[in-house]
Amino acid sequence: MTPVVLFSLTVHEYSHGRVALMLGDNTAQRLGRLSFNPLRHLDIMGVLFFYFVGFGWAKPVPVNWRNFENPHRDMMYVA
């Protein structure tokens, strides 16, 4: 995977978890997904699709909306 794509996916998924943490949900942190380690965010099928089809994806960061003060608004921010 190219370094730029790897970096982008890692920062993107980390950001979802960080915003959720700032809004009161520590699920990503408890599961070790609040990390800049790219291996924590890579999805094997997403990587294979990236190489063979031209697009891919990372593992979604888990978020528990029940931990938010205002779930509708806060999920919009996390997204």
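Before moving on, here are some points about what is shown:
- Hz values of 3J(HN,Hα) by residue in the stretch 72-79 - Karplus curve (6.51, -1.76, 1.60), Gly and Pro given as x: 5, 5, 5, 5, 5, 5, 5, 5
- Residues whose placed amide H lies under 5 Å from that of residue 23, excluding near-sequence neighbours: none
- Mean separation of Cα contacts under 8 Å, 6 or more apart, over the residue count of the stretch 3-78: relative contact order %: 36
- Compared with the direct C-alpha span, the chain from residue 26 to residue 77 gains 16.8 nm at full extension, assuming 0.36 nm per residue.
- Applying the Karplus relation 6.51 cos²θ - 1.76 cosθ + 1.60 with θ = phi - 60° to the stretch 10-18 yields 3J(HN,Hα) values of 5, 5, 4, 5, 4, 5, 4, x, 5 Hz, where x marks Gly and Pro.
- The calculated 222 nm mean residue ellipticity attributable to helices in the chain amounts to -15500 deg cm²/dmol, summing -39500 (n - 2.57) over DSSP H runs of n ≥ 4 and dividing by all residues.
- Paramagnetic reach from residue 2 in the stretch 23-49 [backbone N under 19 Å; point 7 Å along Cα→Cβ]: 38, 42-43, 46-49
- Sparse packing (at most 13 other Cβ atoms within 10 Å of the Cβ) combined with a DSSP loop state is found for the following chymotrypsin sites (Phe, Trp or Tyr not before Pro) in the stretch 13-79: 36, 55.
- In sequence order, the stretch 23-34 has phi-based couplings of 8, x, 9, 9, 4, 4, 5, 5, 8, x, 9, 8 Hz under the Karplus curve 6.51 cos²θ - 1.76 cosθ + 1.60, θ = phi - 60°, and Gly or Pro positions carry x.
Coordinate-derived values only; no laboratory data. It should be emphasised that the depicted structure is a prediction, and the values quoted were computed from it without experimental measurement. Here the Cβ is made from the backbone with ideal geometry for all residues, glycine too, and neighbour counts use every protein chain on show.
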